[in-house]
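One structure is given here, and the rest of the page talks about it.
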C-alpha cells in the first residue's frame with residue numbers, strides 16, 4: 001500500500017456512521033457545526049467585548065496567533081475558509097486592511113453570528129459572506145485570492161483532497177495559504193486521549209486511537225476530526241500541487257496542565273509502548289513547552305502552502 005492509499009484508508013476510517021440523536025441518522029458536518037460552534041453561540045455586545053474574547057481565545061494556545069497571523073494583508077484579497085462565528089474575520093479586519101475578505105462557512109448559524117459580530121468592528125464592509133456545501137466548488141473565481149486562511153477546519157472536512165484542489169484553483173500565482181490541522185505527535189493524542197480518557201477515565205476504551213481522538217476534540221458527536229503527522233500532511237498537499245512548509249505547532253493550555261501526569265503515564269502498564277516512548281522522548285524549551293523531535297508537542301500544527309505549478 002502506498003502512502004496516499006494508506007492515508008486515504010486512515011481518513012475513511014475516521015469518518016464514522018454516527019447517529020443523530022434526534023432522528024437516528026448520521027449527523028452531517030453541516031448539522032453538527034450548526035448546533036455547535038467554537039464560541040458556543042456566544043453573542044457579542046460591543047467591539048471591546050469581541051476583542052476581549054479574541055484575546056482570551058488566543059491566550060489558550062500560546063504563540064498560535066504568530067503561526068496563523070491575521071496582520072500583514074493590507075490591500076490583499078483574503079479568503080477565510082470555515083470562518084465559524086468570526087474569530088479570525090475580526091482579527092483580519094482589525095489588524096490588516098485587506099481589499100476584500102471572503103468568509104466561507106457550512107453552518108448557517110455560525111455565518112449569521114459572524115455577520116453580527118463583524119458589524120461591531122471597523123471595515124466590516126470589506127467582508128462578503130457565502131454559505132457553502134462541502135461537496136461543491138467554491139463560489140470564488142480562479143486565480144483571484146492572495147491569501148487563504150484556514151484555521152482548524154481541514155481536519156473536519158470529509159473530502160480534504162477536493163478542498164485542496166479548489167484552493168489550488170482560486171489561489172493567485174505567488175499567493176499563499178496558512179492551514180492549521182490537528183497534530184498526531186501531541187500531548188493531546190498520547191497523553192490526553194490514550195491515557196487520561198481511555199485508561200484513567202475509561203472513556204471510549206473499545207475504540208481505536210483515531211476514533212477516540214475524533215470524539216475528544218470538538219464534542220463526541222463531531223462527525224469528522226482527524227490528526228496528521230507532519231509527513232502525511234505535506235504529502236497530501238503535494239498531491240494537490242502544493243509545496244507545504246511546516247511552520248510550527250501551538251500547544252493548548254489544557255495539554256500543558258496534563259504535564260504533571262507524564263510520569264504516571266509512562267509507568268502505566270496498560271499504555272501502548274508507542275505512547276510511552278513518545279512521552280519518554282520529550283524535552284522542554286525555554287518556555288516550558290514539551291518538544292518532540294524538534295517540534296512542539298501540541299495539538300495545532302501550522303503549514304504554509306504555495307503552488308508548485
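The values are calculated or read from the model by the stated rules, or taken from the named source; none is laboratory data. What you see is a predicted model, and the numbers here were worked out from it, not measured in a lab. Please note: Cβ atoms are built from the backbone with ideal geometry, for glycine as well, and neighbour counts cover all protein chains shown.
Outside any loop (DSSP other than H, G, I, E, B), closer than 19 Å to residue 33 by Cα and touching a strand residue (DSSP E or B) at 6+ places or on another chain (Cβ under 6 Å) - does that describe any residue in the stretch 180-196? Looking for residues that are outside any loop (DSSP other than H, G, I, E, B), closer than 19 Å to residue 33 by Cα and touching a strand residue (DSSP E or B) at 6+ places or on another chain (Cβ under 6 Å), one finds at least one in the stretch 180-196, hence yes.
Note on the stretch 256-309: residues that are at positive phi and in contact (Cβ under 8 Å) with a residue 40 or more places away in the chain total 1.
Between 135, 142, 158, the distinction of being exposed (fewer than 15 other Cβ atoms within 10 Å of the Cβ), in contact with a helix residue (DSSP H, G or I) (Cβ under 9 Å, 6 or more places away or on another chain) and either at pLDDT below 95 or assigned to a helix (DSSP H, G or I) (or both) belongs to 135 only. When each of 102, 95 is tested for being within 30 Å of residue 27 (Cβ to Cβ) and modelled with pLDDT of 95 or more, the lone residue that passes is 102.
Across the stretch 263-288, the number of residues qualifying as more than 24 Å from residue 198 (Cβ to Cβ), in a loop (DSSP other than H, G, I, E, B) and under 25 Å from the mean Cα position of the chain (by Cα) comes to 3. Scanning for something closer than 21 Å to residue 134 by Cα, in contact with a strand residue (DSSP E or B) (Cβ under 9 Å, 6 or more places away or on another chain) and modelled with pLDDT under 95, does the stretch 26-41 turn up at least one residue? Yes, because at least one residue in the stretch 26-41 is closer than 21 Å to residue 134 by Cα, in contact with a strand residue (DSSP E or B) (Cβ under 9 Å, 6 or more places away or on another chain) and modelled with pLDDT under 95.
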